[in-house]
Every structure is written in C-alpha cells, then in structure tokens.
1. Have a look at Ala137, Ala87, Ala31 and tell me which one the Gaussian network model of the chain (Cα, springs below 10 Å) gives the largest fluctuation.
2. Take the alpha-carbon positions of the stretch 26-172, form their convex hull, and give its projected area averaged over all directions (one quarter of the hull surface) in nm².
3. Per DSSP helix of 4 or more residues, -39500 (n - 2.57); summed, then divided by the residues of the chain. What does that give at 222 nm, rounded to the nearest 500?
4. Relative contact order for the chain using alpha-carbon pairs under 8 Å, separation at least 6, rounded to a whole percent?
5. Over the chain, with a Gaussian network built from C-alpha contacts below 10 Å, which listed residue (Arg39, Arg101, Arg62) shows the highest mean-square fluctuation?
6. For Glu150, Glu58, Glu130, which order do you get if you count the other beta carbons within 10 Å of each Cβ and list the fewest first?
7. Length gain on complete extension for the stretch Met1 to Ala74, per 0.36 nm per residue less the alpha carbon to alpha carbon distance?
8. Got the relative contact order for the stretch 104-159 handy, in percent, Cα pairs under 8 Å and 6 or more residues apart?
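Each value in this text was obtained by applying a stated rule to the coordinates, not by laboratory testing. Treat the numbers as computed from the prediction; the structure is a model and nothing was measured. Using ideal geometry, Cβ is built from the backbone for each residue, glycine included, and neighbour counts are taken over all protein chains shown.
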Amino acid sequence: MRVISGTARGLKLTSLSGDATRPTLDNVKEAIFSMLFDRVVDAKVLDLFAGSGALGIEALSRGAASCIFADKSADALKVVRDNLSKARMQMRAEVLGCDFRDALGRLANEGNKFDIIFLDPPYADGFLNEALHRIAALSLLAPGGVVVAEYDFGTMIDIQNYNLLKDKRYGRVCINILEAQ
C-alpha cells in the first residue's frame with residue numbers, strides 16, 4: 001500500500017495485520033481521487049473508520065488542508081500515527097480514538113463541517129447506513145461537501161438524505177460519491 005500522488009507520492013504506508021481491516025486497493029483509491037478531481041485541494045477531510053489512514057493521507061498528499069482520522073481500534077490508531085509521521089503530515093492531522101458514533105457527535109458539537117468524508121466501515125458490521133444517517137442528521141457536510149462511501153457489492157445502501165453523484169464498481173467493491181440534499 002502506497003501514496004499514489006502528491007507530496008508524499010510513492011511513500012509506502014504500513015497496513016494493519018490480520019483480516020479485521022481491508023485496505024483500499026491502489027486502483028480503487030486512484031479511481032476515488034479521479035472522481036473527486038479538484039474537490040481535494042484545500043478540503044477539510046474526515047477519514048471515518050480510518051484503518052491505516054491511507055485515504056486521508058492520500059487526500060493530504062494531494063493538497064487537502066486538514067484531515068481528522070477516527071477509529072476505535074488502538075492498533076489502527078498506532079498505524080495511522082506512524083503513517084502520518086512517515087508522511088510528515090502530523091501538523092495537518094488530528095487522530096480520534098473512539099467509536100464512530102462518538103466521533104461524529106463530538107465533531108458536530110465542535111461545529112465541524114467537512115468537504116469530504118471517507119466512509120469505509122467494516123463490511124460485515126452494518127455500520128454504513130447508520131453512519132450515513134448520522135452524518136446527514138448532524139449536518140457534518142459543508143455546502144457542496146461529499147461522502148465517499150465504500151462498501152461490498154450486494155450491500156443495501158440507504159441514500160435517502162443524499163444525491164448520488166457517482167456510482168462505480170470495482171469487482172466486489174462499490175464506491176458512491178454522495179452529496180447532501
């Protein structure tokens with residue numbers, strides 16, 4: 001796993017060991033950032049269910065202003081911090097160690113609004129629709145902001161609070177770019 005483009009291009013990132021986390025493949029990551037195009041520069045980003053932090057670090061490498069990484073796994077948080085240090089991006093990043101519900105509530109209470117929210121929850125846990133609902137209910141997207149939802153083919157996704165901007169499939173991996181209504 002590596003940073004594909006930008007200031008940290010080519011940097012090899014550490015990934016989590018075991019089957020609990022599945023990193024976004026380079027071809028899928030490249031497709032995501034191609035779909036986002038110019039939205040990344042100067043964006044305020046949230047990498048929810050951060051895992052290794054690869055999506056948020058890619059955004060920072062491509063010119064995002066800041067990124068908040070949230071994950072409840074202590075192992076994931078260590079890997080995110082290590083990867084941020086390797087990429088020398090700690091100054092534009094914040095790492096939250098808590099459940100996604102707590103993270104979203106805290107971020108909303110602090111008045112945060114995001115231009116891009118990466119949402120790549122564990123496929124088997126069914127958190128995708130709950131996270132989408134909470135993001136909309138808490139108004140966490142800035143005007144024109146988007147959610148990038150990654151999920152397994154066959155998953156029923158509830159996008160009633162969003163406009164679907166892009167819908168792509170890469171093998172079993174589906175990517176939706178969603179904008180709040």
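1. Top of the fluctuation ranking is Ala137.
2. Directional mean of the projected Cα hull area for the stretch 26-172 stands at 8.2 nm².
3. Taken over the chain, the calculation gives -9000 deg cm²/dmol.
4. 18 percent
5. Among Arg39, Arg101, Arg62, the largest mean-square fluctuation in the Gaussian network model of the chain belongs to Arg101.
6. If I rank by nearby Cβ atoms, fewest first, I get Glu130, Glu150, Glu58.
7. Value of the extension gain: 24.3 nm.
8. 48 percent
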